Amino acid sequence: MDWIDRYAYSNRIRTLDPAGKAGLALAVILLCLALNRPAVGLLAAGWMAGLLIGWAGVPPRIVLRVLAGEGAFLALAVGGVAISVHLASALPADATWAWRLGPLWFATSPAMLELAATLAARALGCAAAMSFLALTTPLVDLMDLARRLHMPPLLIDLATLIYRFVFELLGTLERMTIAQGNRLGYVNLRRGMASAALLASRLWIEAYRRSQRLQVALEGRGYAGELRVLPNEYRHPRSVIWLGMAVAATLLAAGGVLR
Amino acid sequence: MCLLELEALVYRYPGRAELALAGASLTIPPAARIAVIGSNGSGKSTLLLHANGTLRPASGQVRFAGKPITYDRRGLLALRRQVGIVFQNPDEQLFSASVAQDISFGPLNLGLDARAARRRVEEAAELCGIAHLLDRPTHALSGGEKARVALAGVLAMDPQVLIADEVTGGLDPWMREQVFAIFDRLVRQGKTVVLSTHDLAAARRWADRVAFMQAGRVLLVAPPAQLFADRAALAATGLDQVMV
């Protein structure tokens with residue numbers, strides 16, 4: 001999470017209008033879902049990886065790591081679709097290939113494999129599009145976008161505070177855990193459970209007191225129920241639109257819509 | 001002439017037996033450097049939280065430019081336009097993950113339009129030496145950088161009085177000098193800085209008046225040369241044991 005956040009701030013297209021980047025990601029996701037062919041999903045993932053590396057300047061190592069992580073997760077998920085498990089007495093007739101392991105049959109067929117591949121490719125395309133957005137657009141820019149789209153201010157304020165303080169709370173958690181560890185708080189499972197419980201209650205109280213002090217500080221700066229801030233300034237190059245059209249056209253072609 | 005007057009303030013935190021303030025008074029003139037010193041629990045923070053109306057005294061009065069302050073929404077907003085307060089821990093003051101957006105919060109609350117607010121953000125950032133950090137995420141800053149961002153967030157509202165509650169506490173000596181340099185720039189602009197601190201050496205060197213608090217009262221207010229030379233007073237307050 002920490003390093004995704006770092007690239008979101010430091011990539012080459014950080015200052016581009018988040019509307020363009022979010023629009024591109026959304027279009028890719030919609031096309032992946034609508035066209036529903038393995039080629040489309042794989043092409044979308046390829047495009048996103050290419051744009052992340054070539055356009056945003058995110059190191060290939062990082063892009064591969066993100067896609068590999070998502071791919072591994074998807075492979076586990078679609079494993080259950082590709083292979084079915086049966087008791088030895090009830091092997092289904094449509095199983096083209098089957099392996100016996102003890103009392104169980106593991107069976108699969110071309111249709112099941114195709115379904116699994118389609119699912120995996122489609123999900124990978126969508127996940128890559130989300131990764132593209134996450135690695136190129138800091139959350140503050142997305143919140144700017146949400147504000148422009150007239151999301152309720154309360155939701156945006158909540159998101160602002162959660163994003164700001166999740167790092168703080170993690171830091172506090174880490175320091176408290178170290179302090180407890182120094183006094184042998186995690187010497188065995190029993191003490192560890194007790195320490196973790198103490199930590200949780202203490203962290204809750206600490207978070208509450210922090211919120212009180214934040215309230216005092218904000219009121220001192222004229223807080224009147226809404227966290228109003230200036231929008232960031234962005235670049236609006238035409239290239240985003242051309243690029244979006246190119247991506248959409250190739251995905252449509254791969255999906256068999258354009259011939 | 002006095003800009004801000006805290007007169008005979010009495011305050012007790014809810015659920016506590018003892019008084020946090022027991023008749024504390026402090027007058028704050030324009031263009032002054034005031035240091036408030038005193039041990040932990042002597043009432044420094046409580047006193048300063050009365051200066052911008054965060055706390056309301058059980059008795060006593062706070063006056064700004066001769067007029068008693070009012071505690072309705074408009075009265076408080078008018079007061080906070082003039083009296084800014086910044087605290088020690090910047091992580092309890094910065095709410096946005098964007099430095100520029102955090103600083104823009106106060107100016108927008110003053111009702112400034114986007115252009116004027118942006119100018120205030122740039123001026124405050126320049127004053128605090130953080131113009132190069134405006135585009136960085138808050139959570140990637142160092143402690144000293146965050147402290148100056150918190151300061152800029154208050155100074156962007158252009159207050160007449162800056163209350164700094166132990167802001168120099170967690171800073172390294174170099175960063176502390178930078179913060180004192182910002183304070184000096186403000187005083188040259190005719191603003192007043194009130195700093196509560198445990199750093200007696202800094203209070204002695206920087207302030208033109210030192211207020212000493214004990215048990216919820218301001219016992220002494222004097223120029224540092226006079227206060228730190230008064231052996232009888234130092235002995236009576238226990239300050240002689242910690243003098244450097």
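The values are calculated or read from the model by the stated rules, or taken from the named source; none is laboratory data. Everything numeric in this text was worked out from a predicted model, so none of it was measured. For neighbour counting, all protein chains shown are included, and Cβ atoms are generated from backbone atoms with ideal geometry for every residue, glycine included.
Just a few scattered comments:
- Residues being of a type in the set (A, V, I, L, M) and without any contact (Cβ under 8 Å) to a residue 12 or more places away in the chain - total across segment A:102-153: 2
- Qualifying residue in segment B:134-144 (condition: at pLDDT 95 or above and surrounded by fewer than 17 Cβ atoms within 10 Å (Cβ to Cβ)): no
- Residues that are free of Cβ contacts under 8 Å to residues at least 60 places away in the same chain and of a type in the set (A, V, I, L, M) were ranked within segment A:230-259; the one that is farthest from the other protein chains (Cβ to nearest Cβ) is A:LEU258.
- Within segment B:50-92, the set of residues being part of a helix (DSSP H, G or I) and touching a residue at least 40 places away in the same chain (Cβ under 8 Å) comprises B:HIS50, B:ALA51, B:ARG80, B:ARG81, B:GLN82, B:PRO90, B:ASP91.
- Positions within segment B:221-241 being surrounded by 12 or more Cβ atoms within 10 Å (Cβ to Cβ) and not in a helix (DSSP H, G or I), in sequence order: B:VAL221, B:ALA222, B:PRO223, B:PHE228, B:ASP230
- Selection from segment B:103-114 of residues that are within 7 Å of another protein chain (Cβ to nearest Cβ) and outside any loop (DSSP other than H, G, I, E, B): B:SER104, B:PHE105, B:GLY106, B:LEU108, B:ASN109, B:ALA114
- For the condition within 10 Å of another protein chain (Cβ to nearest Cβ), buried (at least 16 other Cβ atoms within 10 Å of the Cβ) and among the charged types (D, E, K, R), B:GLU166 does not qualify.
- Check on B:ALA150, within 20 Å of B:GLY38 (Cβ to Cβ), outside any loop (DSSP other than H, G, I, E, B) and within 14 Å of the chain's Cα centre (by Cα): no
- Qualifying residue in segment A:221-234 (condition: farther than 30 Å from B:ALA78 by Cβ and at pLDDT below 90): yes
- Checked against (1) within 18 Å of B:VAL161 (Cα to Cα); (2) among the aliphatic types (A, V, I, L, M); (3) modelled with pLDDT under 95, B:LEU47 passes all but condition (3).
- For B:GLU123, the conditions (1) under 21 Å from the mean Cα position of the chain (by Cα); (2) closer than 15 Å to A:VAL229 by Cα; (3) surrounded by fewer than 18 Cβ atoms within 10 Å (Cβ to Cβ) are fulfilled apart from (2).
- Top-ranked residue in segment B:169-207 [being away from chain A (no Cβ under 14 Å) and assigned to a strand (DSSP E or B); ranked as farthest from B:GLU92 (Cα to Cα)]: B:THR192
- Sub-6 Å Cβ pairs linking a first residue in segment A:1-22 that is outside the structural domain of A:ARG164 (by TED's automatic domain parsing) to a second residue that is in a loop (DSSP other than H, G, I, E, B) and of a type in the set (Gly, Ala, Ser), at least 6 apart or interchain, are A:ASN11/A:ALA56; A:ASN11/A:GLY57; A:ARG12/A:ALA56; A:ARG12/A:GLY57; A:ILE13/A:ALA56, ordered by first then second residue.
- For B:PHE95, the conditions (1) touching a helix residue (DSSP H, G or I) at 6+ places or on another chain (Cβ under 9 Å); (2) in contact (Cβ under 8 Å) with a residue 12 or more places away in the chain; (3) within 12 Å of another protein chain (Cβ to nearest Cβ); (4) not aliphatic (A, V, I, L, M) are fulfilled apart from (2).
- Screening segment A:132-226 for helices (runs of 4 or more DSSP H) wholly inside it with 3 or more residues that are closer than 20 Å to B:LEU141 by Cα, within 14 Å of chain B (Cβ to nearest Cβ) and more than 28 Å from the chain's Cα centre (by Cα) returns the ranges A:189-220.
- Test result for B:GLY144, away from every other protein chain (no Cβ under 11 Å), in contact with a Gly (Cβ under 9 Å, 6 or more places away or on another chain), over 23 Å from B:VAL193 (Cβ atoms) and assigned to a helix (DSSP H, G or I): no
- A count restricted to segment A:38-71 and to residues that are within 20 Å of A:ALA246 (Cβ to Cβ) and either in contact with a Leu (Cβ under 8 Å, 6 or more places away or on another chain) or surrounded by 19 or more Cβ atoms within 10 Å (Cβ to Cβ) (or both) stands at 15.
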